[in-house]
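Okay, structure first, notes after.
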Amino acid sequence: MKQILITLISFLLVVNTFGQKITKTEKRILKTVTINSAASIEFLKKVVNINSGTMNPQGVKKVGMVFKEAYDEIGFSTNWIDMSEVNRSGHLFAETNGNKGKKLLLIGHLDTVFEEDSPFQEFTMVNDSIAHAPGGNDMKGGNVIILYALKALVDNGLLKKSQIIVAYTGDEESAGKPLSISRGDLIEAAKKSDIALGFETSTGFNYATVARRGSSGWKVEVTGKRAHSSGIFNERVGAGAIFELSRIMNEFYNEVRGEEYLTFNPGVIMGGTKVTFESALSKGTAFGKSNVVAQTATVKGGLRFISEKQKENARGKMKAIVTNNLPHTSAKITFTDSYPAMGPTEGNNGLLKILNQVSLDLGQGGVEAYDPGKRGAADVSFVAAYVDCLDGLGTMGNGAHTPKETVNLNTIEELTKRTAILIYRLINQ
Ligand SMILES: [Zn+2]
């Protein structure tokens, strides 16, 4: 009886640590991830210490080549796609071919916001679990999670008949234009796949991203009648460009604002007799005098939205406001598309359920949908129209895009395990 009790207790302990559904094969995968864990941190350190600011094409390619070698080693076919025609470095794609289970697209990026002239260049330990690392969290850590999860599957002979495409773009932080070229290969890969998983920074073990807002730009240009200020408001002179632009901004604020997930931000405004603006530098000049009615006024802004419908709706309202001009002024608004929205579809939520189960089985707790209003746009958004998507599967850390960026090394092993089991279950579906 005592013996049975002890066996029962140890059985319960095992069940508790591992949940109920981790299979024998999955345990082998987990073991391999653990064995390779120290090597994965070394790999991360190596790629962080190579500068790959978006506008440093050689550096981005150098990081790409380190990953290429690693993917070649585990039997993936690799391809460096040159992007010099859009003034960017290029993308690394690595893939396996097959027909078994779901076809996966795994998305990362090689570039960081820290250019060669940034003082922040090196991986250094803050304490035994946190590293201060430029791009370590956003998102070289996520790239490493993809690699070591796949390596664990390959090492156990589990990737033989599946189609997996790993896409590491080289310009996520500032995508080359036109997007049809810089994101063309990513979209083609999505069209051949069923599911896309994004490994942008994670917002904790218990959250994943099923929706991200899209982002786009707008610009209003107003023309007024140049005249002596004493004539403003009279029938011949009218309101001037600055009053007209103020009216437009005020009506945007009062009439377009208010829908959940819809935001728009005027980022820079100028008016006077003459203005110049250099988009590439986000910089301009304005000339005007208080005794001259303003002839011109311009504002540039951004707009974030959760669906194409919401975007179009907002644009329609903005257009109507812009045409309703004050006396002797005219205005036009132009829009530019950037990132499409990734809506919280049924398919995306279905993927979240699978991840949630994996996480529960691993004893890591349940996973919920993260508030889309709190996440910026990312590469996964470009493929959301073609496949079911989940993002935010990368590393944890703080201060991305600042000189204080850190990555939490202690969680990488667990996050890699979660990814490996998720991929394994998806390709066996
Ligand atoms: Zn990123």
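The values are calculated or read from the model by the stated rules, or taken from the named source; none is laboratory data. Note that the structure is a prediction, hence the values are computed from the model and not measured. As a convention, Cβ positions derive from the backbone with ideal geometry for all residues, glycine included, and neighbour counts pool all protein chains shown. Side chains included, ligands, DNA and RNA excluded: accessible areas come from the protein's heavy atoms. Shrake-Rupley method; radii C 1.70, N 1.55, O 1.52, S 1.80 Å.
Would you tally the residues in region 186-206 being in a loop (DSSP other than H, G, I, E, B), within 16 Å of the ligand (Cβ to nearest atom) and of a type in the set (Gly, Ala, Ser)?
Here is the first cut: in region 186-206, the ones in a loop (DSSP other than H, G, I, E, B) are 192-194, 199-206.
Right, trim to within 16 Å of the ligand (Cβ to nearest atom) and you get 199-203.
From what's left, of a type in the set (Gly, Ala, Ser): 202.
Within region 186-206, residues that are in a loop (DSSP other than H, G, I, E, B), within 16 Å of the ligand (Cβ to nearest atom) and of a type in the set (Gly, Ala, Ser) number 1.
Being in contact with a helix residue (DSSP H, G or I) (Cβ under 9 Å, 6 or more places away or on another chain), closer than 23 Å to Gly184 by Cβ and in contact (Cβ under 8 Å) with a residue 60 or more places away in the chain is the requirement here; does Pro344 meet it? Give the steps one after another, and end with the answer.
Numbers: in contact with a helix residue (DSSP H, G or I) (Cβ under 9 Å, 6 or more places away or on another chain): yes; closer than 23 Å to Gly184 by Cβ: no; in contact (Cβ under 8 Å) with a residue 60 or more places away in the chain: yes.
No, not satisfied.
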Considering only region 138-175, how many residues are open to solvent by less than 30 Å² (accessible area, probe 1.4 Å), modelled with pLDDT of 95 or more, small (Gly, Ala, Ser) and part of a loop (DSSP other than H, G, I, E, B)?
2
So which pairs qualify, if the first residue must be in region 269-291 and in contact (Cβ under 8 Å) with a residue 40 or more places away in the chain, the second must be open to solvent by 90 Å² or more (accessible area, probe 1.4 Å), the Cβ gap must be under 6 Å, and the two must be at least 6 apart or on different chains?
Thr273/Phe287
Do you know which residues across region 207-231 are over 17 Å from the mean Cα position of the chain (by Cα) and part of a loop (DSSP other than H, G, I, E, B)?
Gly224, Lys225, Arg226, Ala227
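Take residues that are open to solvent by 30 Å² or more (accessible area, probe 1.4 Å), touching a strand residue (DSSP E or B) at 6+ places or on another chain (Cβ under 6 Å) and within 28 Å of Val166 (Cβ to Cβ) and tell me which of the strands (runs of 3 or more DSSP E) falling wholly in region 280-385 contain 2 or more. First the steps, then the outcome.
On the way: elements: 283-287, 296-305, 330-339.
Result: 330-339.
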Output the number of the condition that Thr395 fails; it satisfies all remaining conditions of (1) within 16 Å of the ligand (Cβ to nearest atom); (2) part of a loop (DSSP other than H, G, I, E, B); (3) at pLDDT below 95; (4) polar (S, T, N, Q).
(3)
Residue under evaluation Arg183, criteria (1) away from the ligand (no atom under 16 Å from the Cβ); (2) in contact with a Phe, Trp or Tyr (Cβ under 7 Å, 6 or more places away or on another chain), criterion not met
(1)
Sort through Gly363, Gly373, Gly397 and tell me the only one that's touching a residue at least 40 places away in the same chain (Cβ under 8 Å) and more than 29 Å from Met125 (Cα to Cα).
Gly373
Can you tell me how many residues in region 232-268 are within 18 Å of Lys332 (Cβ to Cβ), assigned to a loop (DSSP other than H, G, I, E, B) and out of contact with any Pro (no Cβ under 6 Å at 6 or more places or on another chain)?
1
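Kindly indicate the residue of region 153-180 that is aliphatic (A, V, I, L, M) and closer than 15 Å to Leu393 by Cβ and also nearest to the ligand (Cβ to nearest atom) among those meeting that condition. Working first, answer last.
At the first step, the residues of region 153-180 found to be aliphatic (A, V, I, L, M) are 153-154, 158-159, 164-167, 175, 179.
When the remaining residues are screened for being closer than 15 Å to Leu393 by Cβ, the result is 164, 166-167.
Working: Ile164: 21, Val166: 16, Ala167: 13 Å.
If we take residues in region 153-180 being aliphatic (A, V, I, L, M) and closer than 15 Å to Leu393 by Cβ, then Ala167 is nearest to the ligand (Cβ to nearest atom).
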Just to be sure I understand the filter: pairs with C-beta atoms under 8 Å, separated by 6 or more residues or on different chains, first member in region 106-134 and free of Cβ contacts under 8 Å to residues at least 24 places away in the same chain, second member open to solvent by less than 60 Å² (accessible area, probe 1.4 Å) and more than 16 Å from the ligand (Cβ to nearest atom). Which pairs pass?
Thr124/Ala131; Thr124/His132; Met125/Ala131; Met125/His132
